[in-house]
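The values are calculated or read from the model by the stated rules, or taken from the named source; none is laboratory data. In this text, all values refer to a predicted model and were calculated from it rather than measured experimentally. Backbone-built Cβ (ideal geometry, glycine too); neighbour counts: all protein chains shown. Side chains are part of the model used for accessible areas, which takes the heavy atoms of the whole protein and leaves out ligands, DNA and RNA. Shrake-Rupley method; radii C 1.70, N 1.55, O 1.52, S 1.80 Å.
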Amino acid sequence: MLFLRKKDYELILEHALNGLPNEACGLIAGVIKEDKKYIEKVYLLTNIDVSREHFSMDPKEQLAVLKDIRANNYVLLGNFHSHPETPARPSKEDKRLAYDSKINYLILSLMNPKQPVLKAFLIQEGKDVSEEVIEIV
Amino acid sequence: MFITVAGIKKEVEDGTTIEKLILDEKIENAEYVTVTVNDEFARREDFDKKALGDNDVVEFLYFMGGGSF
């Protein structure tokens, strides 16, 4: 189970809305206590694809984030990206490019901008998808 | 010699290349990993050529991307 503070959810939402019509992306970090993952920090990254259908994170930004995560004694919990026009479920491309089976993949759907939907997934071997509960606190 | 890998200092054999380090560290899906040495992005074609040096700092970054369809 993942816990996300409301203010951090709002940061993700604002980043995604500001990125429209393109996809937006970022990373999440925090601490793990038993089976609970607490998101302590959200990092807003640049989608270097500048596309409404694809995203790639900027590796230089990723490196800077990695260092900040370590400096804060957090662990990388996962990444997030928006789907401006499709549901909050991993697409074929999302599954194919989910190379790290240990992290969560969060997807924020803006298909209905008045009712954004955020879901979290684990993806094994590019095909086995399981949803993980994400609670906004 | 000693190097720092993903924030952890460890001893490796002299002459260790990035390719050998990837194998030793059992990096999943290594073909999609970007490597930095002392904050410089290493070229994939150099992974098996360039030996790491004492006190080098190595990071592994997974490509992160996807799409809507």
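At a glance:
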{"quantity": "Hits in the range B:37-69 - residues which are away from chain A (no Cβ under 14 Å) and either polar (S, T, N, Q) or closer than 15 Å to A:Leu66 by Cβ (or both)", "calculated": "B:Asn55"}
{"quantity": "Enumeration of residues in the range A:16-27 that are in contact (Cβ under 8 Å) with a residue 40 or more places away in the chain and either out of contact with any Phe, Trp or Tyr (no Cβ under 8 Å at 6 or more places or on another chain) or among the polar types (S, T, N, Q) (or both)", "calculated": "A:Ala16, A:Leu17, A:Gly19, A:Leu20, A:Pro21, A:Asn22"}
{"quantity": "Considering residues of the range B:5-31 that are within 11 Å of another protein chain (Cβ to nearest Cβ) and over 18 Å from A:Tyr99 (Cβ atoms) only, the residue least open to solvent (accessible area, probe 1.4 Å)", "calculated": "B:Gly7"}
{"quantity": "First in the range B:20-37 and on the phi > 0 side of the Ramachandran plot, second anywhere and of a type in the set (Asp, Glu), Cβ under 9 Å, 6 or more apart", "calculated": "B:Asn29/A:Asp100"}
{"quantity": "Single residue of the range A:85-96 satisfying the filter (open to solvent by less than 20 Å² (accessible area, probe 1.4 Å) and in a loop (DSSP other than H, G, I, E, B)) that is farthest from the other protein chains (Cβ to nearest Cβ)", "calculated": "A:Ala88"}
{"quantity": "Every pair of residues 6+ apart whose Cβ atoms lie under 6 Å, when the first sits in the range A:53-66 and is at negative phi while the second is of a type in the set (Phe, Trp, Tyr) and surrounded by 20 or more Cβ atoms within 10 Å (Cβ to Cβ)", "calculated": "A:Val65/A:Tyr43"}
{"quantity": "Failed item in (1) exposed (fewer than 15 other Cβ atoms within 10 Å of the Cβ); (2) within 12 Å of chain A (Cβ to nearest Cβ), with B:Thr34 passing the rest", "calculated": "(1)"}
{"quantity": "Residue, surrounded by the most Cβ atoms within 10 Å (Cβ to Cβ), within the range A:100-129, restricted to residues that are in a loop (DSSP other than H, G, I, E, B) and free of Cβ contacts under 8 Å to residues at least 24 places away in the same chain", "calculated": "A:Asp100"}
{"quantity": "Complete set of residues in the range A:28-52 that are free of Cβ contacts under 8 Å to residues at least 40 places away in the same chain and of a type in the set (A, V, I, L, M, F, W, C)", "calculated": "A:Ile39, A:Val42, A:Leu44, A:Leu45, A:Ile48, A:Val50"}
{"quantity": "Hits in the range A:48-81 - residues which are among the polar types (S, T, N, Q) and within 9 Å of another protein chain (Cβ to nearest Cβ)", "calculated": "A:Ser51, A:Ser56, A:Gln62, A:Asn79"}
